[in-house]
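The values are calculated or read from the model by the stated rules, or taken from the named source; none is laboratory data. Nothing here was measured: the structure is a model prediction, and the numbers come from that model. Here the Cβ positions follow ideal geometry from the backbone for every residue, glycine too, while neighbour counts run over all protein chains shown.
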Amino acid sequence: MNKSEFIPISEPSLGQTELEYVTDCVKSGWVSSLGKYIGQFENGFAEFCGTKYGVSVFNGTVAIHLALVALGIGAGDEVIVPTFTFVATANAVLYTGATPVFVDSELETWNMDPQDIKAKITSKTKAIIVVHIYGHPAKMDEILAIAKENNLKVIEDAAESHGAEYQGQKVGSMGDVGCFSFYGNKIITTGEGGIVVTNNQKLADEMRFLKDHAMSTERKYYHPLLGFNYRMTNLQAALGVAQLEKLKEFIIKKQEIAAWYRQEFAGVNGLGHPPEVPWASNVYWMYSLLIKPEAKLSRDDLAKKLKAKGVDSRPFFLPNHQMPYMPPEVQKQNFPVARVLSEQGLNLPSAVSLTREKIKYVAECIEEIVTNAQA
Ligand SMILES: *Cc1c(COP(=O)(O)O)cnc(C)c1O
């Protein structure tokens with residue numbers, strides 16, 4: 001391939017249908033938060049997840065915030081979250097006034113460790129946010145059992161895992177609510193966007209009410225609660241409807257890309273590969289690699305050398321408990337598995353538009369760099 005060409009970590013895959021539906025919004029004037037695409041997208045996405053209701057919002061972070069507020073979580077409460085996740089998970093808890101209580105990950109799935117959840121439950125714990133990281137489902141049976149035993153709500157943060165399955169069930173459909181993001185680098189995109197899916201009608205109604213300024217349906221401009229404007233626009237939903245038509249195809253392509261990488265990396269020493277357990281299907285939002293000590297070079301060195309060869313990559317997330325605005329005693333906590341993941345992990349180019357040839361190029365670059373480091 002042409003080596004002057006830069007291979008990005010991710011790029012949206014947009015086509016004629018997206019253009020057609022968005023053009024329809026512009027031509028008809030329905031560009032704000034009323035219009036036919038919103039209901040179509042909400043119902044279509046909920047159906048895809050195997051849930052009854054979908055409440056669209058303008059990004060994935062407010063999806064989590066809205067769900068927490070509708071579940072009654074606020075100041076004085078504790079919410080258990082994995083420290084190894086994108087920072088939006090813990091931030092949404094902080095926005096409610098509640099306290100995020102961090103747990104470590106397990107090496108088997110890179111998701112929250114059920115044993116550590118048990119250890120962190122107190123009389124103030126009200127909920128668990130389960131993140132399905134990088135496309136791989138968490139151990140839902142164990143987590144749901146812990147939640148039931150302790151009367152806790154379960155919020156699934158499935159922002160990176162559209163369509164992933166735990167024992168045949170779609171992520172987002174197993175907890176009280178499932179939250180998704182449609183940011184530009186997610187498996188499908190609406191530009192910015194999010195949704196909360198649920199089977200609980202009361203909860204869905206409460207979220208619809210809260211996201212629209214909590215305005216009374218009987219009395220205009222009367223707001224019995226402190227609400228928000230978290231509405232998605234018809235323009236975003238139009239993109240979403242078009243992307244939803246391709247979601248299954250995108251997932252198959254992501255899994256194909258993962259299989260290509262795995263094949264290319266066979267025989268390369270010092271690399272760790274994304275989890276793949278028999279009871280789940282990974283949708284491989286990204287192909288996530290661990291650069292182990294045996295590789296004899298650091299993750300950051302590899303990323304720098306890849307960049308020089310025109311290959312983009314991203315380090316894994318920094319554990320959330322380490323953020324400078326977390327209380328000092330929280331920053332000092334020790335999460336050994338999250339630390340290893342965070343220090344060794346690198347996400348590789350994973351856009352659904354990538355060809356086999358480009359994956360081969362990326363893998364050959366990595367093999368060359370790693371082999372040289374070990375020589
Ligand atoms: C992307 C992401 C979010 C937030 O979504 P936005 O749409 O960017 O607000 C939340 N949680 C996780 C795990 C994510 O990856």
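Starting from residues that are of a type in the set (G, A, S) and assigned to a helix (DSSP H, G or I), keep the ones in region 1-54 and report whichever is nearest to the chain's Cα centre (by Cα).
Applying the filter and picking the extreme gives A46.
Working only within region 78-124, note down all residues that are surrounded by fewer than 20 Cβ atoms within 10 Å (Cβ to Cβ), out of contact with any Gly (no Cβ under 8 Å at 6 or more places or on another chain) and in a loop (DSSP other than H, G, I, E, B).
F86, V87, E106, L107, E108, I121, T122, S123
Condition first: surrounded by fewer than 24 Cβ atoms within 10 Å (Cβ to Cβ), more than 12 Å from the ligand (Cβ to nearest atom), touching a residue at least 24 places away in the same chain (Cβ under 8 Å) and small (G, A, S). Now tell me which residues in region 165-189 satisfy that.
S173
Between A308, A303, which is surrounded by fewer than 14 Cβ atoms within 10 Å (Cβ to Cβ), out of contact with any helix residue (DSSP H, G or I) (no Cβ under 7 Å at 6 or more places or on another chain), of a type in the set (A, V, I, L, M, F, W, C) and farther than 13 Å from F102 by Cβ? Give the derivation first.
On the way: A303 fails: surrounded by fewer than 14 Cβ atoms within 10 Å (Cβ to Cβ).
Checking each option against the conditions leaves just A308.
If I ask for residues that are farther than 14 Å from T51 by Cβ and among the aromatic types (F, W, Y), which ones from region 167-184 would you list?
Those that are farther than 14 Å from T51 by Cβ and among the aromatic types (F, W, Y): F182, Y183.
Of all residues in region 50-81, which are of a type in the set (G, A, S) and either within 15 Å of the ligand (Cβ to nearest atom) or in contact with a helix residue (DSSP H, G or I) (Cβ under 8 Å, 6 or more places away or on another chain) (or both)?
G54, S56, G60, A63, A67, A70, G74, A75
Within 25 Å of Y287 (Cβ to Cβ) and at pLDDT 95 or above: which single residue out of G227, G175, G184 fits that description?
None of the other options fit; the residue is G184.
Run down A63, A75 and say which single residue is assigned to a loop (DSSP other than H, G, I, E, B) and touching a Ser or Thr at 6+ places or on another chain (Cβ under 8 Å). Even if it seems obvious, please write down each step before you answer.
Numbers: A63 fails: assigned to a loop (DSSP other than H, G, I, E, B).
It is A75.
For region 236-256, does any single residue satisfy the condition of being touching a Lys or Arg at 6+ places or on another chain (Cβ under 6 Å), farther than 18 Å from V283 by Cβ and of a type outside the set (F, W, Y)?
Checking region 236-256: not a single residue is touching a Lys or Arg at 6+ places or on another chain (Cβ under 6 Å), farther than 18 Å from V283 by Cβ and of a type outside the set (F, W, Y).
Can we say K27 is surrounded by fewer than 17 Cβ atoms within 10 Å (Cβ to Cβ) and either closer than 27 Å to S173 by Cα or at pLDDT below 95 (or both)?
Criteria not met by K27.
Over 30 Å from W30 (Cα atoms), of a type outside the set (S, T, Y) and either in contact (Cβ under 8 Å) with a residue 24 or more places away in the chain or surrounded by fewer than 16 Cβ atoms within 10 Å (Cβ to Cβ) (or both): does that describe A280?
Values: over 30 Å from W30 (Cα atoms): yes; of a type outside the set (S, T, Y): yes; either in contact (Cβ under 8 Å) with a residue 24 or more places away in the chain or surrounded by fewer than 16 Cβ atoms within 10 Å (Cβ to Cβ) (or both): yes.
Spelling it out, A280 is indeed over 30 Å from W30 (Cα atoms), of a type outside the set (S, T, Y) and either in contact (Cβ under 8 Å) with a residue 24 or more places away in the chain or surrounded by fewer than 16 Cβ atoms within 10 Å (Cβ to Cβ) (or both).
Name, by its number, the condition in (1) closer than 25 Å to A164 by Cβ; (2) more than 20 Å from the chain's Cα centre (by Cα) that does not hold for Y325.
Among (1) closer than 25 Å to A164 by Cβ; (2) more than 20 Å from the chain's Cα centre (by Cα), the lone unmet condition for Y325 is (1).
Just name the residue that is surrounded by the most Cβ atoms within 10 Å (Cβ to Cβ) out of those in region 190-199 that are assigned to a loop (DSSP other than H, G, I, E, B) and within 16 Å of the ligand (Cβ to nearest atom).
Among those residues, the one meeting the criterion is T190.
Given (1) within 16 Å of the ligand (Cβ to nearest atom); (2) over 21 Å from S33 (Cα atoms); (3) among the basic types (K, R), identify the lone condition not met by K202.
Among (1) within 16 Å of the ligand (Cβ to nearest atom); (2) over 21 Å from S33 (Cα atoms); (3) among the basic types (K, R), the lone unmet condition for K202 is (1).
Among L318, L354, which is the only one that is more than 16 Å from the ligand (Cβ to nearest atom), on the phi < 0 side of the Ramachandran plot and either of a type in the set (K, R) or not in a helix (DSSP H, G or I) (or both)?
On the way: L318 fails: more than 16 Å from the ligand (Cβ to nearest atom).
Criteria check complete, one pass: L354.
Is at least one residue of region 82-94 more than 14 Å from the ligand (Cβ to nearest atom) and at pLDDT 95 or above?
At the first step, the residues of region 82-94 found to be more than 14 Å from the ligand (Cβ to nearest atom) are none.
Checking region 82-94: not a single residue is more than 14 Å from the ligand (Cβ to nearest atom) and at pLDDT 95 or above.
Across region 291-315, what is the total count of residues that are of a type in the set (D, E, K, R) and outside any helix (DSSP H, G or I)?
Total satisfying the criteria: 5.
So the check is Cβ under 6 Å with 6+ separation or different chains; which pairs have a first residue in region 77-89 that's touching a residue at least 60 places away in the same chain (Cβ under 8 Å) and a second one that's more than 10 Å from the ligand (Cβ to nearest atom) and aromatic (F, W, Y)?
Final answer for the pair search is T83/F102; T83/F335.
Can you pull out every residue in region 125-164 that is among the small types (G, A, S) and crowded, with 17+ Cβ neighbours inside 10 Å?
Listed by number, the residues that qualify are A127, G135, A138, A147, A158, A159, S161, G163, A164.
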